[in-house]
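Everything below concerns the one structure shown next.
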Amino acid sequence: MEMEAYIKGTSVISAQPTFNTTDFLTEIVETDAKYLNCIEPSYKEFLNPIMARRMARIIKMSIAASTTCMKDAGIEQPDAIITGTALGCLEDTEKFLLAIIENDEQFLTPTSFIQSTHNTVGAQIALQLKCMNYNFTYVHKGFSFESTLIDALMLIAEGEAKNILVGAHDEMRDKYYRVCDRIGYWKKEAVSTMQLINSASSGSIAGEGASFFVLAAEKGANDYAKLRGVRTFYKPESETDIENKLTTFLAEKKLKPEDIDVVVYGFNGDNRFDPIYHKLKNNFFKNSSSAYFKHLCGEYQTAAGFGMWTAANIIKTQTVPAAILIDQAKHKAIKNVLIYNTFLGTDHSAYLLSAC
Amino acid sequence: MSSKIYITGLGIISAIGNNVAESLDALSNSRSGVHKLRHLRTRHQDTIPVGEIDLSDAQLIERCGLPPDFKTTRTALLGLLAAREAATQAAISPRDGLRTGIISATSVGGMGTTENLWLDYLNPEKSGDWLKYIETHECGDSTEFIADELGFKDYVSTISTACSSSANSIMYGARLIKHGLLDRVIVGGTDALSRFTINGFMTLMILDTQNCKPFDAERKGLNLGEGAGFLVIESEQAAKNKKVLAELSGYGNANDAYHQTASSPEGAGAYLAMEKAFKISGLKPTDIDYINAHGTGTAINDLSEGTALERMFNKKLPPISSTKPFTGHTLAACGGIEAVFAVLAIQNNMVFPSLNYVNPMPELSFAPTTEIQKDKVIDHVLSNSFGFGGNTSALIFSRHN
């Protein structure tokens, strides 16, 4: 059974001007901030003011991105809603947690508890659309979005869905940033985003985002690309182990490493995790052009959503913007793009996208 | 592609027992595990009865065979104990060449630890090896801990769809096998009690201050619980020549799309999930011998679920019970725990009782079974799990012939 889907629509809210635009990363924001916050749109056209006031930022961003994504795909109702998020709704989780601690379990109100559950975004989208179809939320660190895509590809192969709304969303907040800083997630020194890849220290720059896609069973007139498969490698043993797994993955698609025109890497400037990207770039994928994306969206568990948006647009526009290109371009036409990403070196994933 | 999903291992820990044998004994003898809290410290200690496992974290660490200073969460420890029991029964090994995954489910991950340490995490003047707990907060952490301890690493994932989470992990695992992506999967979920959860449900005012009474006209709410339940599911090929305990014959997932926390009065989402499960299984409602209901004991759930069941079964329901009065509502773990109960019902030809039920609901035509039944062949069991956010799931378990 062929497990593939067409990327029919996309919409991404990120630290870059990616939302509601046809521009593909020619205009970018360069900063040396310790974490990258999203450029938020006005929510007026997506939510009434009362709802907007009540909802946490990540829910609003996700509703805006999912609505715009479906519009981009030209659909009104998805056959399934699948979301991936490692941290869920951090703002409401923090609020309720702090209220419990500060008030010694008294005088609490339910709103932030209700909105703290990890499936809140998927649920709120379903509520807004009155969509009673298949609805799932994956919450596995660096595999949250990958599980979402694998599920969607299975649903399409099962004939259970024609158009699926998939999303990746995670937010960064000051307190959570500080907590993760204590275990070495982030850089101690300020680094400009455009210099991140050259950084030799440990830690990365934190980020956040809401990335949504419509995956379709049938080919459309304006598809971005075809998603041909997603693989996850949990704690791979070595570079050789990764190469063997990639060889198997590509062989299943009747491809060799040299058939990949562009590889989009998850370089995040962390000297503990970047070596694997360098090795793949210099050996296994030495004939492919190289691009990267986390300097633009920051590091977070579902950053690969931004990566998939990047890869889909590389194919659609047949360009690799200067802001994401590493070294000289080696490709001619762009047919096959592979994303290789890892979160913290434990959760590795590979996505294959091809021109339709 | 495997068309059938075989269950070859069960593992469970909850307030009624630390393994499958103890759980079956409690179920057969109507022995509830819902009591006053003994281990978790909360202001609501004496206000609400809870299905708490009567083991301290230190005792759980010891049972897991870990060094006493090992840093992980109660959620992860409960998950390991149940997943290990299931893997042991199924006699599966990471070294036998079959692709094995772990799909778990949890509602709040390591919150039970985070809530004790959050202010210390934020205080740069405090430091220690307890900072290792920071990474245990994320939902995926307990799953990776289980995968590392058991050695099954071909695929790991975690689901969080509130109280339907582990029913969904069972469904996802089954589909990964059907698509040939894995040969077998340890599926289920784990959730430990936390002050975060207890206070959250307190604010919603849906906790009964007495033992819960699902489907009773006088029901006042649910009792929370904690635990973990896992199954080993395998493809036909992987389970060849093995003892098969039962089959997972159907599964369905839908969304009620009615309200963030409340189910629709007619149970539209619940009905859709059951309808899909019947379609996948090829079975009819008349084939079902026992319904293990979601049956939380809240005013809204039991009416919504009951109404959907009456419509699905055309008001002719087979024996039905909720086992939540035994275990408490174990949130993201309940689908896994109740899946274990469903398989036990088939293996032992038993209908487990719905405890504490007295008064019929005027809105419904059926009454749950209140005494253990052992005189009927149980071939097919329907198990429902519904959650906040409108997530509804239904599973059907069947005898393996």
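Worth a mention:
- The residue pairs whose first member lies in segment B:38-60 and is farther than 21 Å from B:L81 by Cα and away from chain A (no Cβ under 12 Å), whose second member is buried (at least 22 other Cβ atoms within 10 Å of the Cβ) and of a type outside the set (A, V, I, L, M), and whose beta carbons are closer than 6 Å, counting only pairs six or more residues apart or on different chains, are B:P49/B:N223.
- If only residues of segment B:259-292 that are among the aliphatic types (A, V, I, L, M) and at the interface with another protein chain (Cβ under 10 Å from one of its Cβ atoms) are counted, the one that is nearest to B:C334 (Cα to Cα) is B:A273.
- Test: residue in segment B:393-400 that is β-branched (V, I, T) and over 18 Å from the mean Cα position of the chain (by Cα): no
- Segment A:156-169: number of residues that are surrounded by fewer than 24 Cβ atoms within 10 Å (Cβ to Cβ) and either within 11 Å of chain B (Cβ to nearest Cβ) or of a type in the set (S, T, N, Q) (or both): 3
- Candidates are the residues of segment B:45-71 that are touching a helix residue (DSSP H, G or I) at 6+ places or on another chain (Cβ under 6 Å) and not charged (D, E, K, R); the one that is farthest from B:V351 (Cα to Cα) is B:F70.
- Test: residue in segment A:52-60 that is modelled with pLDDT of 95 or more, in the same structural domain as A:A168 (by TED's automatic domain parsing), closer than 26 Å to A:A291 by Cβ and touching an Asp or Glu at 6+ places or on another chain (Cβ under 7 Å): no
- Condition check for B:R95: more than 10 Å from chain A (Cβ to nearest Cβ), out of contact with any Ser or Thr (no Cβ under 6 Å at 6 or more places or on another chain) and under 27 Å from B:A15 (Cβ atoms): no
- Condition met for B:L176 (within 11 Å of another protein chain (Cβ to nearest Cβ), surrounded by fewer than 23 Cβ atoms within 10 Å (Cβ to Cβ) and touching a residue at least 60 places away in the same chain (Cβ under 8 Å)): no
For every residue, the table says whether it meets (1) touching a residue at least 24 places away in the same chain (Cβ under 8 Å); (2) facing chain A (nearest Cβ under 7 Å); (3) buried (at least 22 other Cβ atoms within 10 Å of the Cβ).
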site	(1), (2), (3)
B:T113	yes, no, yes
B:D129	yes, no, no
B:H137	yes, no, yes
B:G140	yes, yes, yes
B:T143	yes, yes, yes
B:G151	yes, no, no
B:V156	yes, yes, yes
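- Condition met for A:F145 (surrounded by 21 or more Cβ atoms within 10 Å (Cβ to Cβ), at pLDDT 95 or above, touching a strand residue (DSSP E or B) at 6+ places or on another chain (Cβ under 8 Å) and assigned by TED's automatic domain parsing to the domain that holds A:K279): no
- B:Q210, sole failed condition from (1) polar (S, T, N, Q); (2) assigned to a loop (DSSP other than H, G, I, E, B); (3) farther than 20 Å from B:I16 by Cβ: (3)
- Considering residues of segment A:73-98 that are under 22 Å from A:K219 (Cβ atoms) and among the small types (G, A, S) only, the residue nearest to the other protein chains (Cβ to nearest Cβ): A:A80
- Some residue of segment A:116-131 being part of a helix (DSSP H, G or I), within 7 Å of chain B (Cβ to nearest Cβ) and without any contact (Cβ under 8 Å) to a residue 12 or more places away in the chain: yes
- Residues that are of a type in the set (G, A, S) and farther than 21 Å from A:K286 by Cβ, drawn from segment A:228-252: A:G229
- Within segment B:1-37, being without any contact (Cβ under 8 Å) to a residue 40 or more places away in the chain, over 16 Å from B:R63 (Cβ atoms) and charged (D, E, K, R) holds for B:D25, B:K36.
- Qualifying residue in segment B:226-237 (condition: among the aromatic types (F, W, Y), more than 17 Å from A:N133 (Cα to Cα) and either modelled with pLDDT of 95 or more or in contact with a Gly (Cβ under 7 Å, 6 or more places away or on another chain) (or both)): yes
- Residue match in segment B:187-202 (condition: more than 11 Å from chain A (Cβ to nearest Cβ), under 24 Å from B:N253 (Cβ atoms), touching a residue at least 40 places away in the same chain (Cβ under 8 Å) and of a type in the set (A, V, I, L, M, F, W, C)): yes
The values are calculated or read from the model by the stated rules, or taken from the named source; none is laboratory data. Because the structure is a prediction, the values reported are computed rather than measured. Every residue, glycine as well, gets a Cβ built from its backbone with ideal geometry; the counts of neighbours run over all protein chains shown.
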